[in-house]
Amino acid sequence: MNQHRVSQLLDEARYYEEHRMWLHAVQVFDRLIREFPEDLDHRIRLGNVYLEMGNLPAAERVLLQALRSDAKNPDVLYALGIACYQSEDFERALFYMQQLAGRRMPKVHYSLGLIYWRRGELENTERHLKLALEYQPEHVDAALALSQTLLRQNKATEAVPVMRDAAALMPGDPSVRYTLGVVLVASEHWEGAVLTFQTALQLDPDNDDARLACSGALMKLRRYDEAEQLLQAMLLRDARSTRALLALGRLALLKNNRAKAEAYFRHVLEIEPENEDALEQLRYFAPQKKPSS
């Protein structure tokens with residue numbers, strides 16, 4: 001096979017990958033591997049195609065064949081680590097990724113952070129996600145993961161600048177704005193949280209998570225009328241929104257309107273009879289039995 005034909009096949013493979021025509025891509029790389037069995041790049045790309053297909057055993061088989069030819073190849077080790085991670089074999093994923101931990105490769109440290117998160121090792125998670133951001137400051141996924149890790153460790157204050165930087169990088173992303181708002185709430189920066197959630201809602205008006213979180217922050221600031229407007233807007237879209245009804249019930253309690261709160265909680269139970277939050281709230285509305293004389 002001449003070089004011109006190889007270039008044609010690689011162009012075909014790239015087209016199939018871009019259009020997610022995985023079986024066609026497999027056929028091309030199989031042919032290239034038969035013609036050039038020593039070319040590891042073809043095996044690595046075939047392994048990645050199998051990963052995209054979700055065929056993890058096939059991906060691992062191809063990549064292990066490549067590893068036998070070059071035991072220290074970083075692309076092979078990384079792809080094997082990803083294959084094992086996706087198979088939820090975190091021990092082996094860690095084995096392959098740790099061999100690359102000394103390199104300044106943001107994707108490796110991000111992946112190590114995810115592996116350690118799944119293992120519940122939050123300090124190691126934090127360390128590797130910080131390295132991923134050190135080597136690639138615009139790595140927004142690493143910033144999101146790091147902020148969640150810091151929140152889990154009750155380090156909300158440290159998470160604020162991480163998410164501010166991420167929001168500056170992606171000002172039009174409502175999920176990034178929402179996460180910044182969550183971090184600000186955890187840090188008890190209520191005013192900043194309200195402004196951030198309001199921006200998230202401007203970007204995505206149907207984001208009920210941001211609407212509920214914003215109403216909660218407004219309640220903390222005793223801006224009850226604004227909170228109620230947000231929650232009533234949710235009910236206009238979905239009259240059976242139990243989350244909005246529960247929040248309105250809690251808001252009524254803050255305004256010392258027990259009758260209205262009880263009505264909201266009972267409405268929740270009409271929709272979801274087993275709703276634990278409503279049942280718990282209504283425990284305090286049950287009439288107290290008089291002690292027997």
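Details
- Our estimate of slack between GLU38 and ASN2, defined as 0.36 nm per intervening residue step minus the Cα-Cα distance, is 11.3 nm.
- Computed from Cα atoms, the angle from the helix 208-220 axis to the main principal axis of the chain rounds to 50 degrees.
- Protection proxy ranking of 227-234, 212-219, 115-122 - average other beta-carbon atoms within 10 Å, highest first: 212-219, 227-234, 115-122
- Its Cα centre serving as origin, the range 147-250 has a Cβ charge dipole (Lys and Arg +1, Asp and Glu -1) of approximately 280 debye.
- Ellipsoid equivalent to the range 1-136 - semi-axes via the Cα gyration tensor, in Å: 30, 14, 14
- For peptides 144-156, 235-247, 9-21, sequence by mean Cβ density within 10 Å, most packed first: 144-156, 235-247, 9-21
- The chain, Rg to Rh (Cα coordinates; Rh as Kirkwood inverse mean 1/r): 1.15
- Cα-projected label distance for ASN154 with PHE285, points at 7 Å along beta-carbon direction, nm: 3.4 nm
- A Förster distance of 22 Å, applied to the separation of the beta-carbon atoms of ALA263 and LEU221, puts the FRET efficiency at 0.30.
- When the alpha carbon gyration tensor of the range 178-293 is reduced to an equivalent ellipsoid, its three semi-axes come out at 29, 16, 12 angstrom, largest first.
- Evaluated with a Cβ-only charge set (Lys, Arg +1; Asp, Glu -1), the range 27-80 carries a dipole of roughly 120 debye about its Cα centre, given to the nearest 20.
- Lysine pairs with alpha-carbon atoms under 18 Å apart, the chain, spacing 8 or more or separate chains: 4
- Distance from the C-alpha centroid of the range 202-222 to that of the range 107-164: 25 Å, rounded to the whole angstrom.
- Here's the picture: charge each Lys and Arg Cβ at +1 and each Asp and Glu Cβ at -1 in the chain, and of SER69, LEU94, GLN281 the one pushed furthest to the positive end of that dipole is GLN281.
- For the chain, the relative contact order is 6 percent, taking Cα pairs closer than 8 Å that sit 6 or more residues apart in sequence and dividing their mean separation by the residue count.
- For the chain, the mean residue ellipticity at 222 nm estimated from helices alone is -24000 deg cm²/dmol, where every DSSP H run of n ≥ 4 contributes -39500 (n - 2.57) and the total is divided by all residues, rounded to the nearest 500.
- For the range 179-226, the dipole from Cβ point charges (+1 on Lys and Arg, -1 on Asp and Glu) about the Cα centre works out to 200 debye, to the nearest 20.
- Viscosity 1.002 mPa s, temperature 20 °C, Stokes-Einstein D of the range 101-156 from Kirkwood C-alpha radius, µm²/s: 200 µm²/s
- Share of pairwise Cα separations in the range 93-201, more than 21 Å, in percent: 35 percent
No lab work stands behind these numbers, since they all come straight from the coordinates. Computed from a predicted structure; not experimentally measured. Don't worry about glycine lacking a Cβ; one is built from the backbone with ideal geometry, like all the others, and counts go over all protein chains shown.
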